[in-house]
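Notes to accompany the following structure.
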Amino acid sequence: PNRRRLAWATDQNLGGGKPAYHVTAYDFDLGDPVLNFSDLTEMPQSIAFSDDGEQVAIGGISGTVWLFDLRGKGPGHRVKTGIFAVKSLAFSPDGAVLACAGALPRGLLIDVRTRKLRAELAGHTGST
């Protein structure tokens, strides 16, 4: 498949006194914006695209993950993970599961279709 190399940047808008964050994905080679996600309620920390390029997930600093279907099937969905600062996101190869990890030593597997928790993964504590 024809895959683009993408880069992303965040921006904050303080209109109306309440912060709103935006993520723009750019074509890395051309520098052109290709996707824009507006009015996120917390500062974005991570972004992941599914292998087929039809879904995107954005992780926030307070534990929210936004799931967007790029095929135009409705608005994005919010999932509260309980993870502080969602720093890492990855879709399974078939796009059915999203792995999330943050600043604390645990991870989550989220069912993308139902947006429900599939599993919680314990991380190491640094002790032997």
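The values are calculated or read from the model by the stated rules, or taken from the named source; none is laboratory data. Just so it is clear, the model here is predicted, and its values are computed rather than measured. As a convention, Cβ positions derive from the backbone with ideal geometry for all residues, glycine included, and neighbour counts pool all protein chains shown. For accessibility, only protein heavy atoms count, side chains too; no ligands or nucleic acids. Shrake-Rupley method; radii C 1.70, N 1.55, O 1.52, S 1.80 Å.
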Residue 97's amide H: which non-local residues (gap 5+, or another chain) put their own amide H closer than 5 Å, with H modeled 1.01 Å from N in plane and none for Pro or chain starts? 92, 112
Net charge near residue 105 (other residues with Cβ under 15 Å of its Cβ; Lys, Arg +1; Asp, Glu -1) is +1
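From the square roots a ≥ b ≥ c of the eigenvalues of the alpha-carbon gyration tensor of the stretch 15-62, which class results: rounded (a/c under 1.5), prolate (a/b over b/c), or oblate?
Details: a/c = 2.65, a/b = 1.54, b/c = 1.72.
In terms of gyration-tensor shape, oblate.
If you take every residue apart from residue 86 with its C-beta less than 11 Å away from the C-beta of residue 86, what net charge results, scoring Lys and Arg +1 and Asp and Glu -1?
Working: positive: 80, 87; negative: 42.
Local charge sum for residue 86: +1.
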If you build the convex hull over the alpha carbons only and average its shadow over all orientations, what do you get for the stretch 32-110? Give it in nm² to one decimal. 5.3 nm²
What is the distance, in nm, between label points placed 7 Å from the Cα along the Cα-to-Cβ direction at residue 88 and at residue 117? 1.9 nm
Can you pull the accessible area of residue 28 for me, 1.4 Å probe, Å² to the nearest 10? 120 Å²
Please identify the trypsin sites (Lys or Arg not before Pro) of the stretch 23-128 that satisfy two criteria: DSSP loop assignment and at most 12 other Cβ atoms within 10 Å. Which are they? 71, 73, 113
